[in-house]
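First the structure, in the form of structure tokens, and then the observations on it.
The values are calculated or read from the model by the stated rules, or taken from the named source; none is laboratory data. Remember, it's a predicted structure, so these values are computed and weren't measured experimentally. Cβ: placed from backbone, ideal geometry, glycine included. Neighbour counts: every protein chain shown. Quick note on the areas: whole protein, heavy atoms, side chains included, nothing else; ligands and nucleic acids left out. Shrake-Rupley method; radii C 1.70, N 1.55, O 1.52, S 1.80 Å.
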Amino acid sequence: MPATVILGAQWGDEGKGKAIDQLAAKSTWAVRFQGGNNAGHTVVYGDTTLKLHQIPSGVSSLHCSMVLGDGMVIDPWVLEEELDRWHELSGERPEGKRLFISERASVILPFHRLYDSADKVVGTTGRGIGPAYRDRIERVGIRFADIANVVDDVEYLQNTSKRMNGQLESVGVDSRIEWEKLQNDLKWILERYSKSIKPTGLMVDFALRNGEDVLLEGAQGAMLDIDQGTYPYVTSSVTCRANATHGAGVHPGHVEQCFGITKAYTTRVGNGPFPSELSLEKGAGMHMAKIGNEFGTTTGRPRRTGWLDIVALKESNRLNGYTGLVLTKLDVLGGLDEIKICIGYEIEGKLLQMMPTTSIELAKCKPIYETHPGFEAMTESEWIVMANKSRVENTGFGALTKDMLNYIRRIEKLAGVPIVSIGVGPDREASIASINGPFDLPENKEMF
Ligand code: IMP
């Protein structure tokens, strides 16, 4: 029975948290399948803001079981902080009861964070993601299932810390890993999480065969995919649909729907080319950063801002075959005189409709824009009134003004994918769903 995939359609930070939260209310399982605590999902409920990095956004649907899947790299210390924060908010300790860590997921250790701190090129989040995946590819990393087998093996621990120290030295990091500390860390992880570490692929497979609804939630975005993104300015995992089932430990035939989340404009954090980028110091770019509060959830770094890039969105749809798009942060564009959409690139006199393969070429691409009339700024509560009106009267996008609706219809036409929900503010209620679409507001039963 059906699995639904939800993915970032741009360079991450598209506002996946809210959409996932809405779909998780209708699912019994929410599974993260790649990445680690480089991700940051924010879910806002009235006065409460929940920032998640590794815990699936389904956490607030209390009937929903959660999996940190096979394809992930997991920082056990950051996970503990997140679980404590959730406990403070809700009084719940889900670990081992409805939150499970895959035996096959890789452990992020202090070594990985230290090694990542030497990055000078990509502008990583510094959370040890790339080094943990590198260890997995080299087949020297430690998975959660392996801890019990290595924790008392002194020779293994000594050799491993020696390898780690050699690598730290090679990139000019002064700190060193002592094998006794490595052993203590592994003992702590085992003790802390032993009840939660499970063969989660089997559990998800069982749920699917039992007819349950499973949500596979992606992190980062298609343009940060290690194989298909703007390499080398990408993350270290496959962020696309193809990895959603694999990283969860089930087969792709289960997937029925795949939603791409895109902002009504574009943002990017870290380095790398961004053809429709604007200045953060003035005009529309500054407006997007300020009104959209464009700072990374994980690192607090200011995000770079730009107009919606249809070339990137089409590329992302080629890879993921979206059944629908969720367009977030339409409200942020309110108050701009005009809104542009990047519909192609020009490179050395040639017109491009698709992205070039190398970041060097992409950096040379100049955006080709079409311009649309802007619409007036509205307050947060005015947007919520509009969203609720659409809900109560069942008018779908009919609640939008003419100029807003024209912008939406144009994006659908250019991207070739229907938009199924529009985010108009951070609050859970601040979204306008298409009529009979899958994104109507969840009933509040069993929700935190
Ligand atoms: P890493 O994933 O920490 O290795 O960082 C690699 C690149 O991906 C950097 O440009 C990061 O800023 C970017 N990145 C990683 N995770 C996210 C995310 O969740 N949102 C946006 N960008 C991200």
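Checking the conditions here, which among THR245, THR299 is among the polar types (S, T, N, Q), in contact (Cβ under 8 Å) with a residue 24 or more places away in the chain and out of contact with any Phe, Trp or Tyr (no Cβ under 8 Å at 6 or more places or on another chain)? Break it down into steps so the answer makes sense when it comes.
Details: THR245 fails: out of contact with any Phe, Trp or Tyr (no Cβ under 8 Å at 6 or more places or on another chain).
When all the criteria are applied, what remains is THR299.
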Scan the stretch 95-124 residue by residue and report those that are within 20 Å of ALA24 (Cβ to Cβ) and part of a strand (DSSP E or B). GLU95, LEU99, PHE100, ILE101, SER102
LEU157 fails exactly one of (1) free of Cβ contacts under 8 Å to residues at least 60 places away in the same chain; (2) open to solvent by 10 Å² or more (accessible area, probe 1.4 Å), namely (2)
Taking strands (runs of 3 or more DSSP E) that fall entirely within the stretch 341-448, which contain at least 2 residues that are surrounded by 14 or more Cβ atoms within 10 Å (Cβ to Cβ)? 366-373, 419-423, 431-433
Residue list for the stretch 231-277, restricted to those being within 16 Å of the ligand (Cβ to nearest atom), in a loop (DSSP other than H, G, I, E, B) and either of a type in the set (D, E, K, R) or assigned by TED's automatic domain parsing to the domain that holds SER117 (or both): none
Residue check for ARG127: assigned to a helix (DSSP H, G or I), charged (D, E, K, R), within 16 Å of the ligand (Cβ to nearest atom) and under 28 Å from THR299 (Cα atoms): no
With the requirement that a residue be touching a Lys or Arg at 6+ places or on another chain (Cβ under 6 Å) and of a type in the set (Gly, Ala, Ser), what does the stretch 41-88 give you? SER65, GLY69
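For residues that are among the β-branched types (Val, Ile, Thr) and out of contact with any strand residue (DSSP E or B) (no Cβ under 6 Å at 6 or more places or on another chain), scanning just the stretch 14-49, find the one that is farthest from the ligand (Cβ to nearest atom). Before the answer, list the steps.
Looking only at the stretch 14-49, we keep the residues that are among the β-branched types (Val, Ile, Thr), and these are 20, 28, 31, 42-44, 48-49.
Among the residues that remain, those that are also out of contact with any strand residue (DSSP E or B) (no Cβ under 6 Å at 6 or more places or on another chain) are: 28, 48-49.
Working: THR28: 26, THR48: 21, THR49: 17 Å.
So the residue we want is THR28.
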Is it true that ILE101 is more than 27 Å from THR4 (Cβ to Cβ), touching a residue at least 40 places away in the same chain (Cβ under 8 Å) and open to solvent by less than 10 Å² (accessible area, probe 1.4 Å)? no
Being within 23 Å of GLU294 (Cα to Cα), touching a strand residue (DSSP E or B) at 6+ places or on another chain (Cβ under 9 Å), touching a residue at least 24 places away in the same chain (Cβ under 8 Å) and of a type in the set (A, V, I, L, M, F, W, C), is that true of even one residue in the stretch 396-408? yes
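Has the stretch 3-13 got at least one residue that is hydroxyl-bearing (Ser, Thr, Tyr) and within 16 Å of the ligand (Cβ to nearest atom)?
First, pick out the residues of the stretch 3-13 that are hydroxyl-bearing (Ser, Thr, Tyr): 4.
Right, trim to within 16 Å of the ligand (Cβ to nearest atom) and you get none.
The answer is no; no qualifying residue exists.
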Any idea which of ILE177, ILE147 is open to solvent by less than 90 Å² (accessible area, probe 1.4 Å) and in a loop (DSSP other than H, G, I, E, B)? ILE177
Are there any pairs, at least 6 apart or on different chains, whose C-beta atoms fall under 6 Å, with the first in the stretch 269-280 and small (Gly, Ala, Ser) and the second away from the ligand (no atom under 16 Å from the Cβ) and open to solvent by less than 20 Å² (accessible area, probe 1.4 Å), and if so, which? SER276/TRP307; SER276/CYS342; SER279/GLY285
Among the residues of the stretch 294-302, are any in contact with a Lys or Arg (Cβ under 9 Å, 6 or more places away or on another chain), buried (at least 22 other Cβ atoms within 10 Å of the Cβ) and of a type outside the set (D, E, K, R)? no
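Suppose the filter is of a type outside the set (A, V, I, L, M), touching a residue at least 24 places away in the same chain (Cβ under 8 Å) and out of contact with any strand residue (DSSP E or B) (no Cβ under 9 Å at 6 or more places or on another chain); does SER316 pass it? Outline the logic, then answer.
Values: of a type outside the set (A, V, I, L, M): yes; touching a residue at least 24 places away in the same chain (Cβ under 8 Å): yes; out of contact with any strand residue (DSSP E or B) (no Cβ under 9 Å at 6 or more places or on another chain): no.
It is false that SER316 is of a type outside the set (A, V, I, L, M), touching a residue at least 24 places away in the same chain (Cβ under 8 Å) and out of contact with any strand residue (DSSP E or B) (no Cβ under 9 Å at 6 or more places or on another chain).
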Checking SER57 against (1) at pLDDT below 95; (2) more than 13 Å from the ligand (Cβ to nearest atom); (3) not β-branched (Val, Ile, Thr), only one condition comes out false. Which one? (2)
Please state which of the following conditions LEU327 fails to meet, knowing it meets all the rest: (1) more than 16 Å from the ligand (Cβ to nearest atom); (2) farther than 22 Å from GLU217 by Cα. (2)
Please tell me if SER316 is among the polar types (S, T, N, Q), within 13 Å of the ligand (Cβ to nearest atom) and either buried (at least 23 other Cβ atoms within 10 Å of the Cβ) or in a helix (DSSP H, G or I) (or both). no
